[in-house]
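Note sheet for the following structure.
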């Protein structure tokens, strides 16, 4: 401990009830010089109110174009042990389930080859191994490969797909999110490892409309579980909630956006053809209500953060699909979308921005999908309608003759 | 080159099934309902009658390998070695034995990891790298997160709020954390146009790409001191830093002008109301490390204003939609300024286009 850099500012972040990242870095620094220098440079950032990392460079493992983020300190003389401090993104298992054995193996590799610091997990979902030098990238990849962990995505490629825990530990999952995530990840390994898109592309799988992985806000393709038939009701359990003091009229029915529910004190009635599958009633009465039995997912397209043309939420592409293996319909539409976007998308243009530029109608034509009313919040409000053809004098007669 | 040919690539992540505890394998897709037994502890009950207990503990996201080994020790001791992480960086332990709950909770507390983040609570903050590891950060991430959660930890550990409250932090507009649909989003912002290093533009950057990268067309090719470079029309720049992303010779970070903005009322869940973006509440708070007291105070103020005024289940944005933004500004004491008015694409859709006003 004696030779850790002095960090009076960071030390203030070691007190308080929440676990401290500074304590984590210090713990790593006790046996790792990279973490020690990271502590020193971070203290300097806190003093100067500015970051000290240079723009990333191109580094990676052989044959892969993504998954490693080159990172260099702009103070290499002061903090030589982090002059090179690259991040490796490791594709996590679906649902972030682990055994202690597998995590210990990853820790052992990272103890030998890196800073000893990680993020569990990065925003996209990968295991983030924070900080190593170029000469360690290949050995890490090789050793991770021996325990079957591969590298994730970065740059203009398919980013590591991620999902909620789905049917593994949730009664609301309307499709097998973990299976689909694994299937898509394996099917699109080339796209994941070799950037060839105009910009990044993300899949996120949520089992129900509560959307625990925020797929509608941050994935180019958001696949959100839903159902078509009636909410399953256990009337005895409904009465039990009422008996235990739940005000079903205000807490449940009063919050129903579709106003499709009624409770007469004994039975809960739901007019399912008006239900918008919002999940509120199911969320507050999980013992009494469950999604229906005819389950599947809504597929939405286009969400992203602000850069470049403004933030977007995904919008409906497929109102309902059953989504069962081998997911051929889904893969066909994904391939069509990528073909069109790769052909006509501009550099750093996400698919949502591309659709805004060319128009959803034209985009649907290009990918071979018929428009349906579920795709829009409402029909257009302006009369600036494009038609591809118009009649010339005499056309009508020609048609009649034909 | 033989090695290269034999090299195993594109094998993907390990199959998740090997990481699932037997109780999950046996009840996969058969879960019937769940109940939160107390903050941070829930039980899932299967159609078969099996019960799975989950204990959720806070984590700083940035964890050292020895901390992961601590988690593993606890998983070995109480959970046959099975554990998982959540989409908001919490660690979860999966138990089949009810009697193991309290000892595990006690061990986690000893380790300094509070239990909670379930139900009507504030769970861990989704966040980015900040000064720890990012080149484009306008603020630090982990330090603000630690400070805000220290201040709000009571709300992590209890379930007394009207509804869920999700906080996220991104240290620049790239928003690796996709914070833009959060009840409270803390967003690092720059406020000064890039300072172009004309000696390096030609060598380091592709000039047409740099011009094209600007969403407000503020950048055009120019010859400066005889060198091919770009010029920035400063009054058009809104500091998004997309140019810096494509051109390292246009740095944005600036201690005097960088800081934090606070956005509120977004959500991703479809429950009750549709998913929606967060809206600007506080345009700018200067960086004040190590504990950003002005930020923690502002966040606490917003949480408490919502908590004491919202109806049951009402998220921050649902509450504000009901009372209207003018009333929110009156109640919060936040001054409405020019910066609150949108002036990017589709700004007109954000103007008030009715007489539905409160007084």
Legend entry - Selected residue (criterion: nearest to the other protein chains (Cβ to nearest Cβ)) from residues of the range A:297-326 that are touching a strand residue (DSSP E or B) at 6+ places or on another chain (Cβ under 7 Å) and part of a loop (DSSP other than H, G, I, E, B): A:311
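Would you mind finding the one in A:358, A:334 that is within 23 Å of the chain's Cα centre (by Cα) and under 30 Å from residue B:213 (Cα atoms)?
Numbers: A:358 fails: within 23 Å of the chain's Cα centre (by Cα).
After applying the criteria, what remains is A:334.
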Inset, instruction - Would you check if there is a residue in the range B:31-39 being touching a strand residue (DSSP E or B) at 6+ places or on another chain (Cβ under 8 Å), more than 12 Å from chain A (Cβ to nearest Cβ) and within 29 Å of residue A:237 (Cβ to Cβ)? - result: yes
Inset, instruction - Select from the range A:271-308 the residues that are surrounded by fewer than 18 Cβ atoms within 10 Å (Cβ to Cβ) and more than 27 Å from residue A:169 (Cα to Cα) and list them in ascending order. - result: A:271, A:273, A:274
Inset, instruction - Could you look through the range B:206-219, keep only residues that are crowded, with 17+ Cβ neighbours inside 10 Å and either at pLDDT below 95 or facing chain A (nearest Cβ under 10 Å) (or both), and pick out the one that is nearest to residue A:309 (Cα to Cα)? - result: B:215
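Does residue A:328 fit the bill of being surrounded by fewer than 21 Cβ atoms within 10 Å (Cβ to Cβ) and at pLDDT 95 or above? Show your work before the answer.
Values: surrounded by fewer than 21 Cβ atoms within 10 Å (Cβ to Cβ): yes; at pLDDT 95 or above: yes.
So residue A:328 fits the description; yes.
Between A:104, A:71, which is at the interface with another protein chain (Cβ under 9 Å from one of its Cβ atoms) and closer than 29 Å to residue B:288 by Cβ? Give the derivation first.
On the way: A:104 fails: closer than 29 Å to residue B:288 by Cβ.
Result: A:71 is the single residue among A:104, A:71 that is at the interface with another protein chain (Cβ under 9 Å from one of its Cβ atoms) and closer than 29 Å to residue B:288 by Cβ.
I'd like to check something: does the range A:116-125 contain any residue that is surrounded by fewer than 21 Cβ atoms within 10 Å (Cβ to Cβ) and within 9 Å of another protein chain (Cβ to nearest Cβ)?
At the first step, the residues of the range A:116-125 found to be surrounded by fewer than 21 Cβ atoms within 10 Å (Cβ to Cβ) are none.
Within the range A:116-125 (the criterion being surrounded by fewer than 21 Cβ atoms within 10 Å (Cβ to Cβ) and within 9 Å of another protein chain (Cβ to nearest Cβ)), the answer is no, since none of the residues qualifies.
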Legend entry - Selection from the range B:220-241 of residues that are within 12 Å of chain A (Cβ to nearest Cβ) and buried (at least 21 other Cβ atoms within 10 Å of the Cβ): B:240, B:241
Inset, instruction - Inspect all residues belonging to the range B:117-130 and state whether any of them is part of a helix (DSSP H, G or I), crowded, with 24+ Cβ neighbours inside 10 Å and at pLDDT 95 or above. - result: yes
Inset, instruction - Quickly run through the range B:135-172 and pick out the residues that are touching a residue at least 60 places away in the same chain (Cβ under 8 Å), within 16 Å of the chain's Cα centre (by Cα), crowded, with 23+ Cβ neighbours inside 10 Å and part of a loop (DSSP other than H, G, I, E, B). - result: B:137, B:138, B:139, B:140, B:166, B:172
Legend entry - Set B:37, B:94, B:83, B:62: member being closer than 27 Å to residue B:166 by Cβ, surrounded by 23 or more Cβ atoms within 10 Å (Cβ to Cβ) and out of contact with any helix residue (DSSP H, G or I) (no Cβ under 7 Å at 6 or more places or on another chain): B:94
Inset, instruction - May I ask you to verify whether residue A:228 is farther than 27 Å from residue B:162 by Cα and over 20 Å from the mean Cα position of the chain (by Cα)? - result: yes
Legend entry - Test: residue in the range A:216-235 that is within 13 Å of chain B (Cβ to nearest Cβ), farther than 22 Å from residue A:284 by Cβ and part of a helix (DSSP H, G or I): yes
Legend entry - Residues (more than 21 Å from residue B:177 (Cβ to Cβ) and without any contact (Cβ under 8 Å) to a residue 24 or more places away in the chain) located in the range B:101-134: B:102, B:106, B:109, B:110, B:112
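From the list B:260, B:268, B:303, which one is within 14 Å of chain A (Cβ to nearest Cβ) and in contact with a strand residue (DSSP E or B) (Cβ under 7 Å, 6 or more places away or on another chain)? It would help to see each step written out before you state the result.
Working: B:268 fails: in contact with a strand residue (DSSP E or B) (Cβ under 7 Å, 6 or more places away or on another chain); B:303 fails: within 14 Å of chain A (Cβ to nearest Cβ).
After ruling out the rest, the residue left standing is B:260.
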Inset, instruction - Take the range B:75-89 and flag every residue that is facing chain A (nearest Cβ under 7 Å) and within 21 Å of residue B:99 (Cβ to Cβ). - result: B:75, B:76, B:81, B:82, B:83
Legend entry - Residues being in contact (Cβ under 8 Å) with a residue 24 or more places away in the chain and out of contact with any strand residue (DSSP E or B) (no Cβ under 9 Å at 6 or more places or on another chain) - total across the range B:81-100: 0
Legend entry - In the range A:161-198, residue surrounded by the fewest Cβ atoms within 10 Å (Cβ to Cβ) [restricted to those that are farther than 23 Å from residue A:321 by Cβ and in contact with a helix residue (DSSP H, G or I) (Cβ under 8 Å, 6 or more places away or on another chain)]: A:196
Inset, instruction - Could you identify the single residue in A:173, A:258, A:196, A:242 that is in a loop (DSSP other than H, G, I, E, B) and away from chain B (no Cβ under 11 Å)? - result: A:196
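Given the options A:211, A:251, name the one that is at the interface with chain B (Cβ under 9 Å from one of its Cβ atoms) and outside any loop (DSSP other than H, G, I, E, B).
From the options A:211, A:251, the qualifying one is A:251.
The values are calculated or read from the model by the stated rules, or taken from the named source; none is laboratory data. Quantities reported herein were computed from a predicted structural model and do not represent experimental measurements. Using ideal geometry, Cβ is built from the backbone for each residue, glycine included, and neighbour counts are taken over all protein chains shown.
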